[in-house]
Amino acid sequence: MILTERNFYFVFFRKAWMIMRITTLIILIAALHVSARTVAQKVTLSADHISFEEFFNQLKKQTGYSFLLKDGTVPADQKLDVHVTGISLEQLLDQILKPLSLSYKIDNTIVYILKENNEYKDDPPGIIEGKVLNEKGQPLEGASITVKGTYQGAQTDSKGYFRLKSDLKSAIIEVSFTGYESKTVKAVPGDLLSVILKVSTSPLDQVQIIAYGSTSKRLNIGDVSTVNAKTIAEQPVSDPLAALEGRVPGLQITQQSGVPGSAYTVLIRGQNSIANGNNPLYVIDGVPYTGNSISANVLTASILAGGNPLSSINPQDIESIDILKDADATSIYGSRGANGVILITTKMGKAGKTAVDLNVYAGSSKVTRMMPMLNTQQYLEMRREAFKNDGATPSPYVDFDLLSWDTTRYTDWQKSLFGGTAHVLNAEGTVSGGNQNTQFILSGTYNRQTTVFPGNTLYQKGAGHLGLMHTSNDQRFKINFSTLYTSENNLLPSVDYSTQIFSLPPDAPPTYDSTGKLNFANGTFVNPYALTVSTYNAKTRNLLSNMVMSYELFPHFLLRVNAGYSNLIMDEAKIYPLSSLNPTYGYTSGFTITSNENLETWILEPQMEYTLSSKFGNLNILAGGTLQQNEFNQQVFYATGFSSDQLLNSIGAASQITSFGTTKTEYRYEALFTRASYNWKEKYLLNLSARRDGSSRFGPGNQFANFGSISGGWIFSKESFFQDKFPVLSFGKLRTSYGSSGNDQIGDYQYLDSWTPLFYSYQSIIGLQPARLFNADYGWEINKKWEIGMELGFMKDHIYFSGSYYKNRSSNQLVGYPLPSITGFQTVQQNLSATVQNSGWEFILTTRNISSMNFTWTTSLNLTIPESRLISYPNLAGSSYANKYVVGSSLHLFNALQSTGVDPQTGVYTFTDVNKDGTISVPADFVPYKTVEQQYYGGLNNIFQYKNFQLTVFFQFVKQTGTNYLYGNYNPPGMLGNQPTYVLNRWRKPGDHTTTEKYTQDYSSDAYTAFVNATSGDTQVSDASFIRLKNLSFSYQLSPGTVSHLHLQALRFYIQGQNLLTITNFMGNDPENQTAWTLPPLKTLTAGIQITL
Amino acid sequence: MRSIYMKYFFLLMLMCIMSGCTKFVTLDPPQTDLITSSVFSSDQTATATIIGVYTNMMSIAEPGFYGGSFTLYGGLSSDEFQNYSFSKDQSEFAANSIKPTNGFLRQLWSEPYQYIYTANAIIEGLAKSHGVSPGIKSELLGEARFIRAISYFYLVNLWGDVPLALQSAYTVNDTLHRTASSEIYRQIILDLTDAQTLLLPDYSVGRGERIRPNQSAATALLARVLLYNHDWQGAVNQSTAVITNSSLYTLLPDLNQVFLANSQEAIWQLQPVTPSYNSFEGNIFILTSGPFSSTASITLSTQLLNSFEPGDLRKSNWTNADTTNGGEYYYPFKYKVKSSNTVTEYQMVLRVAEQYLIRAEAEAHLQNIPEAITDLNIIRERAGLPDLPSNLTEDQCLAAVAQERRIELFAEWGHRWLDLKKTMQATPVLAPIKTGWQATDTLYPIPQSEIQNDPNLTQNPGY
């Protein structure tokens, strides 16, 4: 039956009413605790005037048995006087129940209280009822019950109770529940069943977090990848994003810098938006979290490559990170889901004995890779050869490296500036536990890292996490509360020293003079150690709190409210003492730039959820709304006129304080959303979702938009045909989804025609300047996603394969459209009629190769083959992107002059003269044929377990082209400033065939002109593929026998390494961040110990 | 929690979302900004828009276009300065080998266009406004026209034909073609003529300070523009109007007082706005320990130093040498303050001495040699130099004007670079001293990003 809207409502109301009636009849005294041991069934009870409810409760406490009975079975107002000592449970029950004409039946640990005259006599024939419990005796809510061979089915309520009609004399019913092994039982109408399900070990039955809920991997139609706590814990990283690299197909994460707290680029399934706003949506325990740095750009642009707010989340507090990719998974996030969603779920305590866990590791880090640079001898040879080539002689005005410095000196500046060893220490303590109703977790983590730079630089992070979960006795009310608090203190140099290596000749003077002062060699030497005195300090406090309350108003109907709050506060200061400033600039005081930022977010999401089970299948309907507000404040000050460098930290000691700007922005967002999930016999799956969004980032009239998705799945392995013909196939699913999502990742108020005040006053008046070029008419960017996927499990899921193909099209692109500056500005916010397509293949293969008692070996491989293409762009030629993109080609096109090598006669770079006008001109001679992109990427993980030893080896591989050391290098070989040894293969005399042109030091030489052309040339792009031993983890867990002697629950020793080995031909530092001006990522090796008390 | 509360709470929330819809996501403008209609609804806020232009002129990316860059790069392009900088961008200017990707080049180009945009936006905003009093409206319109004119003056002199934007709409401006420089000049003259009628003759808007352009500023700039356009009589008339306004302007006898704040020689000055600076030029040019890594990294060239006549007071008062490291590095010393929290010097933009030189040059072209020599001698007398002979030919007289301009206006607003081009002397003078000099170097290249973002822009020849 197809559910049309009309009969859908009909079914909804009829069933709801029926279920309400039934449940009021039933009281279930829930089994709250059942011991695994056989309980002594002797009871002792002495009480006067107690109700039956109290009576059964007392018995439950003593025996661990649960008591199940219908409302009205026992007289509600009857009071009992019981005085027994050490009699059996049966005896007592006989004694109490007989007089009331009641009987009982004990099945496992459940005692059914029955009316002797068969209480089901009045009911129509064919009612099967019962309850579904887990092995600990806890009721399972939402388990589905189907009668084999019929369309009949039901779902359990919050007490694990179900009831269904069956026309059969004897039915076989199948009970299944997410994360548990399904069970088949025989039932006869009138039975009161008790079904206990075992936790499943199949990866397909793991709980899968999805938007606003959870399901299992088996039943999920959407494309969601999960990185769990165990994988995160194996990696000695302080930033959760670092733990995701290479792990997830379709997720491209690039570390921009090796400095702690620095930026990552995160792309889920490629770059959808031409210009900006390609961040995924981050949701931490239901609260949206910013992916953009809030820090003042003037302060962090260099040292943190922009900064990264996710570093404020402690990886140890994370239970799972789920990456939502396709329309099914992301459309319900509407306007924010276009670039995918990353859901971070924090850890929660488990019922049971209170556990205390202590985990400490320490280790050290160094940069992954440095490129070889010229030594003094090679350098001087280069400089002298340049003068010879130019027919010039060194000038006393500028060529100090040849004429005034000590040319016998040699400094390896890379080693000196970022060749140090950073030390890492991480300590974590967790207390968790609880009972069936209430669970908690409380943890604290301290992380400390030094840097590879000279000077006293340090990153420290303290994090606290509290998680509380409570369920009322009747299971109807639930509350889940979590709070994360992180305090970071990042003390870094003001500038990344890596920026210096091209400007520092190897024969530069000593950094300190004989008196121990910084040596500027009469102003001829830009001393990089001056930077060790100037510092950047950021203190970040991050509070993230979330509460989910739900109440089961009537069976299968839940009301839920998700309320979240987050507050990110940052205090930054860049301090330039007078002693660090070049004396020729004439400063009379040091100066300080301070900035404080405050980002406050609250979100409120009322929801209702209704679950319906019938012979037509299971239907789950979710509806809700979102109200969200972000408020951002920032104030930047410049302070100078300090009487001493000692006072630079105290802005009050400055005689002059200037405001460098105040920012106050507000963002508001609201939405209504709904999702219907339909599942027929766990064989056919259908999801529909819709959302209506409003965002304050759009001007009046453009604020609202609708988004939606449709998706379907077919678990064909459930078809008897497949079960019979391909018994080796344990699981097979086909799924597809199509839908839309949007993107509002643009600045606030871009539609507003306004003027903004300046920092300084003129004629004692604070002036105004136009805030932006305003465009009142831009609207939503639309991203349409389509995906088809297949998942296969073989040999009881020992081999699991998942393959998917996706095609996402992003249109009505929202961009900061680049403008010529004759318009007064560089960009304007507008929609482009361009359509960008990202498509690709993603594969996962997981195999349990060996699975024996003492040895297991599991392999997991993921591979992504992405493709990006500009599908259409009307009037591209007339736009400012005319020289950047080509319709039909990749979005990552590198438009450049086509290099034709070094002319063997003249020794200068030559290029293809495309327009044949006799000169090489930019951009007229550009050729768009190279791309800077990843061709494929993935990861290979092997986990070996032998007795108490475990070894994990994870390789990340990326096949890509990248920008090499030439990119952004505007200093030709021969000028003052060092070069990599790649330039040694240069032209010297006619007839030489080389890769580097002749050395030059003359700004008016042909070689210089050719070099400047080369900075727009395609030689800047070369292979940047790499294979990296991303993670190595080795651990030894003491056997339970040994640890119990030590009065411990567990004791584990481990060694972990990150980025240990990189295999690449890349011409530059590290192929990941691909820039010679930023610190490469670090490799880290740590050792640790974990104790559970 | 009781279900009834939960239910009402929930319904309340849902109603809130459904009913409040548009209201919730419709925001007030941020507290930090003013929307345009309210900006032009009062005298005070409307005035702040023009103040914003001057503030930017004195604070954008030290040193900004008006804050010394034109002096620096004009001086490097011509023969005024010796370059000591490691900077590739600056070295390209010194070598007359500027690449279209040069970062300073883009700054030089985009900054005047930023002021042109603002001036256009102010003109449009005032046209629609109702709350601004007529006097203020006239004043602000005049200043906006003046700003637009002076911005185009430098654009057309550096790049030749440039796009002419006369309104703020980016939808029109982003695809502009280059306009013939004669058209640009026509617009400049129109703007300045209008500004003359709109602006007040005195300095009352600046409360006595010479920091807002007045009628004389428009007249002085117009005199220069007419001179550049060979309207000799017009140039004579306009410069005379300034020179004869002796109640406001005099040539100060003491050379060391010329560049002080609100000096009697100033027609228009910019007030310093950033902490610890007086003029940018004082800060970047004055050397304390050699030129190698000072901000501007330049000294005065030997060509310039050698062109001073013996006994010229301008050499002793307006140049100075730094000898701290055993060298002898001469630097411009018109501004005496390198850095100080007390402001005594303002950035000079237009001053009376130039008006004498404009008139002398125009008179020479009109064959009025004695009048020309009289004006030249006024300048020379102040510099302690003897009078010129009165029997000069027109060519000799023009050569004398050129020499006097070179010395009087050195290290000021790139006058030397503009003069060499205006008098067609760039190639004869620069080719012998600049390796790789080409005639096409007289125009700077259009920045590459501009050509990339405006498909209708073409590059200057030679790039």
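Derivation of every value follows stated rules applied to the coordinates shown; laboratory data play no part. Fair warning: this is a prediction, and the values are worked out from it, not measured in the lab. No Cβ is skipped: glycine too gets one built from the backbone with ideal geometry, and neighbour counts run over all protein chains shown.
What to note about this one:
- Taking 21 Å as the straight-line reach from the Cα of B:K137, the lysines in range (excluding those fewer than 8 positions away in the same chain) are B:K128.
- Scanning chain A for chymotrypsin sites (Phe, Trp or Tyr not before Pro) lying in DSSP loops with no more than 15 further Cβ atoms inside 10 Å, the longest uninterrupted stretch between such sites is A:411-1093.
- Dimensions of segment A:684-843 along the principal axes, based on C-alpha atoms and rounded to the nearest Å, stand at 89, 27, 27, largest first.
- Taken over the C-alpha atoms, segment A:806-903 has Rg and Dmax values of 22.1, 74 angstrom.
- Modelled spin labels at A:L1061 and B:D202, positioned 7 Å past Cα toward Cβ, are 8.6 nm from each other.
- Note on A:V914 and B:Q303: with the Förster distance fixed at 56 Å, the Cβ-Cβ geometry gives a FRET efficiency of about 0.85.
- Taking segment A:344-439 and dividing mean pair separation by its residue count, relative contact order in percent (alpha carbons under 8 Å, at least six apart): 63
- Centre-to-centre separation between the Cα atoms of segment B:174-198 and those of segment A:645-684: 46 Å.
- Rounded to the nearest 0.05, the FRET efficiency derived from the C-beta distance between A:E867 and A:M790 at R0 = 22 Å is 0.65.
- Stretch gain in nm, segment A:K198-A:K148, where the contour uses 0.36 nm per residue and the Cα spacing is subtracted: 16.0 nm
- On Cα atoms only, tilt of B:181-198 relative to the major axis of chain B in degrees: 80
- Given A:K785/A:K930; A:K539/A:K785; A:K131/A:K947; A:K217/A:K461, the pairs whose alpha carbons are separated by over 31 Å: A:K539/A:K785; A:K131/A:K947; A:K217/A:K461
- Averaging 1/r across all pairs of distinct Cα atoms in the protein assembly as shown and inverting the result yields a Kirkwood radius of 37.4 Å.
- Which listed pairs, of A:K884/A:K1083; A:K325/A:K959; A:K61/A:K183; A:K325/A:K1030; A:K916/B:K88; A:K615/A:K807, have C-alpha distances above 31 Å, in listed order: A:K884/A:K1083; A:K615/A:K807
- Approximating the spin labels as points 7 Å out from Cα along Cα→Cβ, the B:S138-to-A:Q62 distance works out to 10.6 nm.
- The aspartates and glutamates whose alpha-carbon is closer than 18 Å to the alpha-carbon of A:K388, local same-chain residues fewer than 8 away aside, are A:D399, A:D401, A:D992, A:E997, A:D1002, A:D1006.
- Volume per residue for segment A:832-880 equals 84 cubic angstrom (convex hull of Cα atoms).
- Computed over segment A:918-1032, the range of Cα coordinates on each principal axis works out to 71, 30, 26 Å, biggest value leading.
- Quotient of Cα Rg and 2.2 N^0.38 Å for segment A:904-974, N being how many residues it contains: 2.06
- Bridging of B:K338 to lysines at a Cα separation below 23 Å is possible for B:K315, once same-chain residues fewer than 8 apart are set aside.
- Folded to 0 to 90 degrees: helix B:103-128 orientation relative to chain B principal axis, Cα: 60
- Projected area, mean over directions - segment B:264-357, Cα convex hull, nm²: 7.2
- Only helical runs count toward this figure. For chain A, summing -39,500 (n - 2.57) over DSSP H runs of n ≥ 4 and dividing by all residues gives -2500 deg cm²/dmol at 222 nm.
- A:D412 paired with A:R384, simple spin-label distance in nm, labels 7 Å along Cα-to-beta-carbon: 2.4
- Calculated diffusion of segment A:350-397, Stokes-Einstein form, Kirkwood radius summed over Cα pairs, 20 °C and 1.002 mPa s, µm²/s: 126
- Alpha carbon centroid spacing (whole Å) that separates segment A:782-812 from segment A:1063-1093: 31
- Here the convex hull built on the C-alpha positions of chain B has a volume of 199 cubic angstrom per residue.
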